[in-house]
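First comes the structure, then the notes that go with it.
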Amino acid sequence: MPLVKLDIAPGIFADRSDYSIGPKWKTGSNVRFQQGLPEKIGGWITEVNWSFTGTPSDALAWTTLDGSFALVVGTDKKLELIFNDVKTDITPVRSEVTLNGPFDTTNTDATVTVNDTNHGAEDGDYVIFSGATAGGGITIVGEYVLTLVDANAYTIEHGSAATSSTTGQGGASVVTKYLIAVGNSTSAKGLGWGAGSWGNAREGQTSTTGAVTGITQANPGVVTATAHPFVNGDTVKLTGVAGMVEVNGVTYTVANKAANTFELSGINTTGFTAYTSAGTATKQWGWGYSANVSNSNVTLEPDLWSLSLWGEDLIATRRNGATYTWDATAPTARATIIANAPTNSKMSFVSVPDRHLVCLGAENGSEDPLNVRWSDQEDNTTWTASATNTAGSNRLSQGSKIIGAVQTRDQTLVFTDDAAFGMYFQGPPFTFGFRELGESAPPISQNAAIEVNGIVYWMGNRHFYMYDGTIKILPSPVRDHVFDAMDESLALLTYAGINRRFTEIIWLYATVGATAPNKYVTVNYTTGEWAFGSWDRAVWQDDLSWMDYPFAISETGTLNYHENGTSDNGATMTTTLESGVFEIPEAGEKLFMLDRVIPDATIGGGSMTVSLIVAKYPGGPETTKGPYTVTGDTEKISMRMRGRQVRLKLDSSGTEDSWKWGVARASVRPDGRGF
């Protein structure tokens, strides 16, 4: 019988039916295409010496002037540094105060109440204490995560329980540092002032409290709080409840008020965990508060970082927040706010080679999401324009807000939600010029665009795009596969990276049901071949002179060195690739009989499996033969299968598998009409 080539075009073509795409690859994971042929991607190894706190939104690695290695990662909780393999928390300090006897303890309880009038902290923020003396049998020093009680108090959890109940402990000189507020890791419905309708309570404004001593499991739930101050219709927030933890942090309406009890109006607590002890009910009031996200009119953006370099020093801007700097000559010091810089910006970058610090969506006395502001040249603390400096600003003429920016040759592309502008250095008196490059679909997030060899690529709302002098749609045979599964509410978390070793652009994105990017899609920017798969990766950075492998960081802060080995950090790594259907032309209108396949595989280690799937008609029942194991010694695969069309499926799931697939051949002959 003649040998027929099972020649399958490179790249994945997911957006058409199995039959219509013909001899092309339909789906896969953990594969790439090199020189027109598929191969398994490299594995990854997890860093064991350190990880990062929170979900990362940006990362930056570089070498300082003295040859030190630096890596900074910004998360929703922290700004953390790896400097010559030593991890340091460089999260900026929001405020610092010295407190007199702030700690209250309870015997046998590790929960400590901290009293600080108008502390300004939010639930989940980090606070650092030093200089405290012992009280209640414990000494409170170091960093803690706080739980908000009200505007003047919060609680922390100590490592051991107090041995007595005390108040006003810690001494007269407790140095208290509050780090910048913990941010949103995802887009979220806003709660608080302006998020709801007139007449509801404003979160954070408190006037009266009641000590909770019981909550029933009933419909509605009844709270016991001896001599509480509330009246029917009041809005109260419950915190610090043990046992029935479901009620903590939630706001309720008071009903059927009695001297020592009140009902949680309309709240069925029958299925809640039984109350055991403690708790505080705090009155809330104000204008425009929404305690229910389903009723909120406001969507809060995730608090993303943008990281860049001012020489060897770090520049870090938190979305909708301030801009900070970290001095490489003082590696253990925290980042500090840049004097006179905008207090609220979307993102920032350092323009090169002229060296201005540029803030986008920057306030200029009031919030302006279309405003571009820049510092004086070589001086990032001078922002007021004058005849003796090059500081300035420009409000973009089209759109409602700036989405992001990417530096490329001779200009920076600045995207609004309606247009793309080229920002270029022109010198005095205007410093920068702006030209509109055209109306365009902007990047889906501030980190979804990347420059490669003078061309900018980005993921938009329903298409991929490129700019090489003009804005173009980048054709993609996996577009529907990607965007139909994407969670649009998490689009701002999308992150673009590059893997230059394999000439790939990588987009990390989140699908419905995820809380951070959990999928990837790649395009080979030299050959145009696409692939996709599943990864728990939030940010990606290519390899550097001092880092042998590209790395990516997961939602939980774990760093993984990619293209390193053949396994998932020592565990099995699942790889799959499956084709659409193709017919055997030598069989003509008849069915074919296939009884032998000669694989064309380069096995670098381990093995792979091959399956063939046949059917008589598109959409008809299929018969699978295999999987058949292929090693470096496999000469042929023998089987007998009869049909009109065939699909090919490649798999591997070991820890040492490494393979490249070429063009297999099959022994085929006509075998009847089969109608």
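The values are calculated or read from the model by the stated rules, or taken from the named source; none is laboratory data. Just so you know, these numbers come straight off a predicted model, no measurement behind them. Because the Cβ atoms are built from the backbone with ideal geometry, glycine has one as well, and the counts that use them run over all protein chains shown. Accessible surface is based on the protein model in full, side chains and every heavy atom, while ligands, DNA and RNA are left aside. Shrake-Rupley method; radii C 1.70, N 1.55, O 1.52, S 1.80 Å.
Looking only at residues in segment 387-403 that are open to solvent by less than 60 Å² (accessible area, probe 1.4 Å) and either out of contact with any Ser or Thr (no Cβ under 7 Å at 6 or more places or on another chain) or hydrophobic (A, V, I, L, M, F, W, C) (or both), which one is nearest to Ala339 (Cα to Cα)?
Ala391
Looking only at residues that are in contact with a Phe, Trp or Tyr (Cβ under 7 Å, 6 or more places away or on another chain) and part of a loop (DSSP other than H, G, I, E, B) in segment 1-18, which one is nearest to Ile584 (Cα to Cα)?
Ile8
Restricting to segment 591-601, and then to whatever is surrounded by fewer than 18 Cβ atoms within 10 Å (Cβ to Cβ) and in a strand (DSSP E or B), can you tell me which residue is farthest from the chain's Cα centre (by Cα)?
Asp595
So which of Arg462, Arg500 is open to solvent by 10 Å² or more (accessible area, probe 1.4 Å), within 18 Å of Ala531 (Cα to Cα) and modelled with pLDDT of 95 or more?
Arg500
Regarding Asn380, is this residue closer than 24 Å to Glu312 by Cα and at pLDDT 95 or above?
Criteria met by Asn380.
Inspect segment 638-648 for any residue being surrounded by 18 or more Cβ atoms within 10 Å (Cβ to Cβ) and under 29 Å from Asn569 (Cα atoms) and give the result as yes or no.
Yes, some residue in segment 638-648 is surrounded by 18 or more Cβ atoms within 10 Å (Cβ to Cβ) and under 29 Å from Asn569 (Cα atoms).
Yes or no, residue by residue, for (1) within 30 Å of Leu65 (Cα to Cα); (2) open to solvent by 20 Å² or more (accessible area, probe 1.4 Å); (3) at pLDDT 90 or above:
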residue: Asn292; (1), (2), (3): no, yes, no
residue: Asn297; (1), (2), (3): no, yes, no
residue: Pro302; (1), (2), (3): no, no, no
residue: Leu309; (1), (2), (3): yes, yes, yes
residue: Glu312; (1), (2), (3): yes, yes, yes
residue: Ile315; (1), (2), (3): yes, no, yes
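Could you please let me know if Ser611 is small (Gly, Ala, Ser), more than 36 Å from the chain's Cα centre (by Cα), closer than 24 Å to Glu583 by Cβ and open to solvent by 60 Å² or more (accessible area, probe 1.4 Å)?
No; evaluated as a whole, the condition is false for this residue.
Would you be able to tell me the number of residues in segment 96-111 that are aliphatic (A, V, I, L, M) and surrounded by fewer than 16 Cβ atoms within 10 Å (Cβ to Cβ)?
Within segment 96-111, residues that are aliphatic (A, V, I, L, M) and surrounded by fewer than 16 Cβ atoms within 10 Å (Cβ to Cβ) number 2.
From Leu79, Leu37, grab the single residue that is at pLDDT 95 or above, open to solvent by 50 Å² or more (accessible area, probe 1.4 Å) and out of contact with any Leu (no Cβ under 6 Å at 6 or more places or on another chain).
After applying the criteria, what remains is Leu37.
Would you say Arg409 is more than 14 Å from Arg373 (Cα to Cα), open to solvent by 10 Å² or more (accessible area, probe 1.4 Å), basic (Lys, Arg) and out of contact with any helix residue (DSSP H, G or I) (no Cβ under 8 Å at 6 or more places or on another chain)? Walk me through it before giving the result.
Numbers: more than 14 Å from Arg373 (Cα to Cα): yes; open to solvent by 10 Å² or more (accessible area, probe 1.4 Å): yes; basic (Lys, Arg): yes; out of contact with any helix residue (DSSP H, G or I) (no Cβ under 8 Å at 6 or more places or on another chain): yes.
Spelling it out, Arg409 is indeed more than 14 Å from Arg373 (Cα to Cα), open to solvent by 10 Å² or more (accessible area, probe 1.4 Å), basic (Lys, Arg) and out of contact with any helix residue (DSSP H, G or I) (no Cβ under 8 Å at 6 or more places or on another chain).
Would you confirm whether or not segment 625-636 contains a residue that is of a type in the set (D, E, K, R), without any contact (Cβ under 8 Å) to a residue 24 or more places away in the chain and under 30 Å from Trp44 (Cα atoms)?
Of segment 625-636, the ones of a type in the set (D, E, K, R) are 625, 633, 635-636.
Add one more test, that the residue is without any contact (Cβ under 8 Å) to a residue 24 or more places away in the chain, and what stays is 625, 633.
Within this subset, residues satisfying the condition of being under 30 Å from Trp44 (Cα atoms) are 633.
Within segment 625-636 (the criterion being of a type in the set (D, E, K, R), without any contact (Cβ under 8 Å) to a residue 24 or more places away in the chain and under 30 Å from Trp44 (Cα atoms)), the answer is yes, since at least one residue qualifies.
Return the residues of segment 114-144 that are modelled with pLDDT of 95 or more, in a loop (DSSP other than H, G, I, E, B), farther than 18 Å from Leu79 by Cα and open to solvent by less than 30 Å² (accessible area, probe 1.4 Å); say none if nothing qualifies.
Listed by number, the residues that qualify are Asp116, Ala132, Gly136, Ile140.
What is the residue count in segment 423-448 for residues that are in a strand (DSSP E or B), under 29 Å from the mean Cα position of the chain (by Cα) and closer than 14 Å to Leu360 by Cβ?
Number of matching residues: 1.
Mind listing whichever residues of segment 617-638 are under 42 Å from the mean Cα position of the chain (by Cα) and not β-branched (Val, Ile, Thr)?
Within segment 617-638, Pro618, Gly619, Gly620, Pro621, Glu622, Lys625, Gly626, Pro627, Tyr628, Gly632 meet the criteria.
Test of understanding: among Gly604, Gly619, Gly632, which residue is in a loop (DSSP other than H, G, I, E, B), at pLDDT 90 or above, open to solvent by 40 Å² or more (accessible area, probe 1.4 Å) and farther than 18 Å from Gly28 by Cβ?
Among Gly604, Gly619, Gly632, only Gly632 is in a loop (DSSP other than H, G, I, E, B), at pLDDT 90 or above, open to solvent by 40 Å² or more (accessible area, probe 1.4 Å) and farther than 18 Å from Gly28 by Cβ.
So that you can scan it fast, the table gives a plain yes or no per residue for (1) aliphatic (A, V, I, L, M); (2) out of contact with any Phe, Trp or Tyr (no Cβ under 6 Å at 6 or more places or on another chain); (3) without any contact (Cβ under 8 Å) to a residue 60 or more places away in the chain:
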| position | (1), (2), (3) |
| --- | --- |
| Thr27 | no, yes, no |
| Asn30 | no, yes, no |
| Phe33 | no, yes, no |
| Gly36 | no, yes, no |
| Gly43 | no, yes, no |
| Val48 | yes, yes, yes |
| Pro56 | no, yes, no |
| Ala59 | yes, yes, no |
| Thr64 | no, yes, no |
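So if I check each of Val73, Val86, Val31, Val93, which one is under 30 Å from the mean Cα position of the chain (by Cα), within 30 Å of Leu146 (Cβ to Cβ) and open to solvent by less than 10 Å² (accessible area, probe 1.4 Å)?
Going through Val73, Val86, Val31, Val93 in turn, just one is under 30 Å from the mean Cα position of the chain (by Cα), within 30 Å of Leu146 (Cβ to Cβ) and open to solvent by less than 10 Å² (accessible area, probe 1.4 Å): Val73.
In the list Trp44, Trp50, which residue meets the criterion of being within 20 Å of the chain's Cα centre (by Cα) and either surrounded by fewer than 15 Cβ atoms within 10 Å (Cβ to Cβ) or on the phi > 0 side of the Ramachandran plot (or both)?
Trp50
Give the residue that is nearest to Gly43 (Cα to Cα), with candidates limited to residues of segment 649-674 that are of a type in the set (Gly, Ala, Ser) and open to solvent by 40 Å² or more (accessible area, probe 1.4 Å).
So the residue we want is Ser658.
Across segment 157-173, what is the total count of residues that are part of a strand (DSSP E or B), open to solvent by less than 20 Å² (accessible area, probe 1.4 Å) and under 10 Å from Phe103 (Cα atoms)?
Number satisfying all stated conditions: 0.
Which residue is modelled with the highest pLDDT, if the candidates are limited to segment 551-599 and must be acidic (Asp, Glu) and under 20 Å from Thr624 (Cα atoms)?
In this case the residue turns out to be Glu578.
Restricting to segment 506-561, give me the number of residues that are without any contact (Cβ under 8 Å) to a residue 40 or more places away in the chain, crowded, with 17+ Cβ neighbours inside 10 Å and among the acidic types (Asp, Glu).
1
Hey, can you tell me all the residues within segment 536-590 that are hydrophobic (A, V, I, L, M, F, W, C) and not in a loop (DSSP other than H, G, I, E, B)? Before you say what the answer is, go through the steps one by one.
Of all residues in segment 536-590, those hydrophobic (A, V, I, L, M, F, W, C) come to 538-540, 544, 546-547, 551-553, 559, 571, 573, 577, 581-582, 584, 587.
The answer is Val539, Trp540, Leu544, Met547, Phe551, Ala552, Ile553, Leu559, Ala571, Leu577, Phe582, Ala587.
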